[in-house]
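Following: one structure in structure tokens, then a few remarks.
The values are calculated or read from the model by the stated rules, or taken from the named source; none is laboratory data. Just so it is clear, the structure is predicted and the values come from calculations on it, not from any experiment. A quick note on method: Cβ atoms are made from the backbone with ideal geometry, for glycine too, and the neighbour counts reach across all protein chains shown. Quick note on the areas: whole protein, heavy atoms, side chains included, nothing else; ligands and nucleic acids left out. Shrake-Rupley method; radii C 1.70, N 1.55, O 1.52, S 1.80 Å.
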Amino acid sequence: MPTDGNQAYAGEVQPTGVPTKSSAPTDLPYLPPSSSRKSLKRKGTSLVKPSAKKRFTGRPSGHVLPSFDEVVQAIQDADPGLDVGLVHTAASLHVGNRDIVLSKDTSPEDDPRPEPIGHPAVWATSRCHLCSTLPYFQSYKSGIYSNGTAVYGFMFDGENMPRDYVGADALIFRAGGGWTEDENGVRTRNEDQTLNPGIIAVQLAVQEQTPIVIISGRLTSKMQSKMKYLYSVLGWFKPTHVFAEKANGKKVFRYRLERMFTEEQSWWAPTGRDPEPPLGSQPAPIEKTCAVCEKVSQQIYVQGWMCSNIDCTSAFDVPAGQNPDDLILDPRFLLQKTEWLHSTTPEPLVPNLPSAGSKSVAHITRNASRGVVCRGCGCCIPRKLWKGWECSHCGWEYSIPPQVIPLGDVQDDNQFHEDDGGYARSYSKCTDSVISREFSLQYNYRVATYHINGLSGCFVSHLIANRKVREEPNGPNDMFAQLQEQDIGLRRHTISDKKGEGESLPNHFSANFGMPYKYVIATKNEPFSDDYGIINQARSRLTWAAHQAVPKNEGFTEFNEILACGYFETQKMKYHSDGEDDLGPTVATLSLGAPATMKFRMKSNHFYGATKAAEKAVQSEPKPGCLNYEARKQAWDEIQHLSKKNQGEQMSSWTKTLGLGKSQAKSTAKRESHSAVLQLTLRHGDIVIMHGGAIQHYYEHEVVPDGFRFALTARTIDPKTINSGDLPVESVKPDHIKYDGSYLLAPPGGDIST
Ligand SMILES: O=C(O)CCC(=O)C(=O)O
């Protein structure tokens with residue numbers, strides 16, 4: 001710990017972040033003049049017991065800005081028991097890694113910080129892995145994980161602010177939310193920060209003494225040692241203060257936290273440096289009562305006391321000309337040790353492994369779809385494999401032994417009409433102004449066909465299965481059992497790895513067969529081999545169903561791709577469309593297991609008439625059901641005789657004149673009108689056929705299962721659109737099963753061969 005008087009003033013640091021030789025700053029820090037300084041009197045050494053609560057009568061006029069040495073002297077005068085070294089310590093603690101600039105491209109090798117002395121108990125190579133594994137941090141976007149009243153975890157990453165502090169045992173950082181980024185990526189504040197639910201939750205945690213887990217990203221610039229992993233769990237902390245400061249003249253909130261269990265050194269303490277003074281090693285913080293708000297605040301900065309009450313108008317009242325970034329955190333404030341009710345952690349940092357217990361469905365519950373912490377190396381392992389968890393870093397494996405789940409456990413038998421061939425009750429809903437429907441009975445399916453106004457030749461057909469369909473040999477009931485008995489290679493495939501937050505995974509498991517299907521998820525491809533009899537059966541059945549549904553003159557050819565999806569409880573497929581150029585116009589899905597709700601809605605850009613980001617008018621004909629349809633259609637028709645260029649010019653004013661774009665649709669009613677126009681309940685054995693490229697162009701669909709479910713979706717993919725390197729080695733085999741529905745037409749108990 002440097003105590004030789006050569007300590008640098010904050011801001012003057014060597015490239016390594018180690019403070020350099022002192023020089024008196026020209027930009028001098030603030031101290032109250034000597035009359036007020038006298039009140040800086042230390043009362044006892046208890047770090048918990050409040051010290052003198054003197055009333056500070058505001059800053060006298062004509063105050064001067066003292067030099068760094070004067071600050072040191074003043075503190076000594078006011079508190080002769082205080083070691084001069086403490087002030088230097090403060091400067092050193094405060095400076096931290098202020099000059100280290102880390103970016104997403106900074107590799108751990110280029111990171112100039114020393115190695116930490118230890119290793120995190122829990123770490124992750126992706127935010128998705130972290131959030132899907134840890135119960136105390138499930139916030140995929142924000143840095144705080146709270147439910148508005150209780151806060152469980154915090155994550156900080158990237159560039160810290162002046163006076164942020166990441167020490168071995170104490171932390172200071174700003175509350176998130178409400179910052180704007182300028183063109184250089186510098187965060188500024190343009191208006192006072194207001195109490196958002198996260199800040200309120202932290203305030204409550206301070207009052208109720210509820211501990212919080214802290215996670216650091218690799219790029220946390222004030223972290224004093226090198227972070228090896230993208231995300232590392234630091235441990236349980238006590239939130240002790242929520243206080244006010246100003247940035248750019250606007251109110252901001254900051255937090256102080258203390259490490260909970262300090263018997264062992266923090267694993268992230270830097271190697272080769274003296275340990276920081278422990279919590280409770282310094283005299284008690286100075287406290288004063290504000291003349292304006294009459295509330296007591298502790299002295300936070302070495303330079304002098306200021307009110308830090310978040311509601312006070314005089315909080316952080318730094319004198320004009322003073323650069324607040326030069327303020328040094330007072331070690332009496334920083335390193336105080338707060339009495340705490342809790343002596344144990346609320347839950348272990350390494351969560352318990354999910355186990356089968358007495359439940360036959362334990363392997364497909366929400367818990368089982370979450371990640372686990374590797375017992376070999378501490379990394380968060382997402383549930384990627386259908387069969388269980390596998391650590392890609394050290395090879396550790398874990399699984400919950402699966403049991404075949406009977407259909408009765410995933411569907412409510414009361415939803416089927418017993419006396420009417422066992423058809424399911426239908427719960428479809430549609431918006432009559434956009435959708436027209438017709439019904440028929442075909443091959444023991446009750447077929448509901450939905451036509452979408454303005455999309456000529458397009459339809460969605462829902463083939464509702466009855467008992468005969470479900471019980472057909474090699475049919476839905478058999479498939480549901482076989483898909484549980486055979487591992488067909490279902491897994492969660494990486495969606496993206498773009499935001500610098502590691503890989504993201506979809507919600508559900510999938511496996512692809514036949515032609516490669518690259519939409520959204522690059523799924524590994526398997527051929528239609530005899531090893532996957534169920535897949536061949538499904539392909540043949542769906543090809544047959546599409547032949548029945550698609551008008552003969554459109555010449556439907558058999559499907560050459562199947563995407564099998566598996567959903568554990570609570571998994572789903574969010575809104576998307578199957579609208580790639582390489583796809584044929586027909587897509588058919590067979591549902592197996594628990595029921596699911598399938599919804600169709602117009603895509604946002606077509607509904608609001610403008611692209612999401614730039615809010616430019618979309619270059620597609622508006623369709624019935626979109627916002628301001630009549631006016632938009634008229635305007636569209638009027639420019640059809642123009643050249644493309646002139647059309648574009650005309651359309652550039654549409655955002656304003658026709659009220660296009662989400663931001664223009666100011667009323668809640670208008671925003672809410674962007675909802676589903678068709679909702680189907682898909683049950684075990686049902687088939688849905690979507691036909692017509694325009695459906696995929698204008699509409700998107702989502703599927704939300706109500707429990708354990710599989711879906712087998714067939715498409716036709718044009719091999720000419722696939723890169724030669726991605727084509728399957730063997731060409732896709734034709735359907736050899738040739739399912740023809742004849743069993744369904746046979747009389748009850750009849751033999752299909754007769
Ligand atoms: O029915 C399902 O589970 C989802 C099918 C689907 O939308 C797809 O595979 O694109």
Report, largest value first, the span of the C-alpha coordinates of region 309-398 along each principal axis, in whole Å.
67, 31, 25
For VAL729 and SER496, what does the FRET efficiency come to when R0 = 41 Å and r is the distance between their Cβ atoms, rounded to the nearest 0.05?
0.90
I'd like the Kirkwood hydrodynamic radius of region 166-322, using the inverse of the mean 1/r over distinct C-alpha pairs, in Å.
17.4
Heavy atoms only, 1.4 Å probe, whole protein assembly: order LYS656, LYS599 by accessible area, highest first.
LYS656, LYS599
Taking every pair of alpha-carbon atoms in region 256-363, what share in percent sits in each 5 Å bin, from 0 to the bin with the longest distance?
2, 9, 13, 14, 15, 11, 10, 8, 5, 3, 4, 3, 1, 0
Of 308-319, 130-141, ordering from highest average Cβ density within 10 Å down gives 130-141, 308-319
Show the residues, 5+ positions off or on another chain, whose built amide H is closer than 5 Å to the amide H of VAL447.
SER440, LEU441, GLN442, ILE464
HN-Hα J couplings of region 207-223 from phi, Karplus 6.51/-1.76/1.60, θ = phi - 60°, integer Hz, Gly and Pro as x?
5, 8, 6, 9, x, 10, 8, 10, 10, 10, x, 4, 9, 4, 6, 8, 5
From the phi angles alone, apply the Karplus equation (6.51, -1.76, 1.60; θ = phi - 60°) to region 475-482 and give each ³J(HN,Hα) in whole Hz, x where the residue is Gly or Pro.
x, x, 4, 5, 5, 4, 5, 5
Using only the heavy atoms of the protein chains and a 1.4 Å probe, how would MET161, MET306 rank by accessible area, largest first?
MET161, MET306
Checking the table LYS574/LYS603; LYS623/LYS662; LYS612/LYS645; LYS616/LYS656; LYS429/LYS468 against a 19 Å threshold on Cα-Cα, which pairs fail?
LYS612/LYS645; LYS429/LYS468
Pop a pseudo-label 7 angstrom from the Cα along the beta-carbon direction at both ALA320 and LYS656 and give the gap in nm to one decimal.
4.1
Could you please state, rounded to a whole Å, how far the C-alpha centre of region 214-234 is from the C-alpha centre of region 264-304?
22
Using only the heavy atoms of the protein chains and a 1.4 Å probe, how would TRP305, TRP636 rank by accessible area, largest first?
TRP636, TRP305
Between ALA746 and SER103, the FRET efficiency computed from the C-beta separation at R0 = 51 Å comes out, to the nearest 0.05, as 0.15
Kindly give the semi-axes, whole Å and largest first, of the ellipsoid equivalent to region 444-601, taking each as the square root of 5 times a Cα gyration tensor eigenvalue.
25, 21, 16
Provide the gained length on full extension for the span ASN352 to ASP412, in nm with one decimal, where the gain is 0.36 nm per separating residue minus the Cα-Cα distance.
18.4 nm
Quick one: length gained pulling ASN646 to THR271 fully straight, 0.36 nm per residue minus the C-alpha distance?
128.3 nm
What's the ranking of 270-279, 719-728 by average number of surrounding C-beta atoms within 10 Å, highest first?
270-279, 719-728
Filtered hits (aspartates and glutamates, Cα-Cα < 16 Å from LYS633, offset >= 8 within chain) -> GLU621
Report the paramagnetic label zone for ALA481: residues of region 354-381 whose backbone N is under 17 Å from a point 7 Å from Cα along the Cα-to-Cβ axis.
none
